[in-house]
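Heads up, the thing below is written out as structure tokens.
The values are calculated or read from the model by the stated rules, or taken from the named source; none is laboratory data. Keep in mind that what you see is a predicted model, and the values were worked out from it rather than measured. Note that we place each Cβ from the backbone using ideal geometry, even for glycine, and neighbour counts take in every protein chain shown.
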Amino acid sequence: MFTGLMAGLLGVGGGAIAVPLLLWVFDLQEINSEIATHMALATALAAMVLTSISSTYAHASKKAVLWPVFFKLNVGVIFGSIIGVVTVVEISGSALQIAFGIFLACLAIQMAFGLSPAPSAKLPSGPGLLGAGGVIGCVSMFFGIGGGSLTVPFLIYSGVTPVKAIGTSAALGLPIAVWGTVLYAANGWNHTLMPEYSFGFVYGPAVTGIIIISPIFARLGAKIAHRMNSDQLRQAFGVTLAIVAGMIVLQNLSRYL
């Protein structure tokens, strides 16, 4: 419910909302902390598949997707995703949560202050887009995101109009979600600590709960957003996100002190 509501209100979902909530729920369920983080990341990406299909179709129907740019970025995403998942499964749950907390803090600052790059460059050539896609894919696997927080600023900086940057980013979120789900499922397959109804690191009941309820509340969030001051809403959410990030980092740092 909360993931959908925030997605509708602020256009933010995926890892930024779902992962902290899943970590909290998994902790209540007493799931082993060493796999809880990987489960949360994998589950957030799996839940993103259906919403990404819907979002891609909506933007494509309005001709807001730069398909040549998408395909070049996607090749990089494939390789970056593989590197990201293979790397992340070797990192301890606590260290991964600290990294995720730092990522959330950066996202909170961006949202609270409305920071976005000014267009000052042209789109890079093929190799440049492949490299950018690789970074986006790798980071997405680390933090369970669809890549929008990276793709949109990168494309805007490269001179793409905001509408087409958002549309292309939405389309790129689909292969990121699909690849992330497949790779996390494969790498966690037959893991001895995983609970029942899991597919590798993907936790089936959590995915089901999110995809059934979140679209309903996303529509509600969108309606509310049109009646509120979006700048004040973003700032309030940025502060909340920063608090959550601080709690995650401090809680896990204490294990190393």
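Where in the range 150-257 are the helices (runs of 4 or more DSSP H), entirely inside, with at least 2 residues that are touching a Cys at 6+ places or on another chain (Cβ under 8 Å) and at pLDDT below 90?
Values: elements: 162-187, 204-225, 230-253.
Correct list: empty, since no element meets the threshold.
Among the residues of the range 79-90, those identified as within 18 Å of the chain's Cα centre (by Cα) and either crowded, with 20+ Cβ neighbours inside 10 Å or not in a helix (DSSP H, G or I) (or both) are G80, S81, G84, V85, V88, V89.
L23 falls short on exactly one of the conditions (1) modelled with pLDDT of 90 or more; (2) more than 20 Å from G204 (Cβ to Cβ), and that condition is (2).
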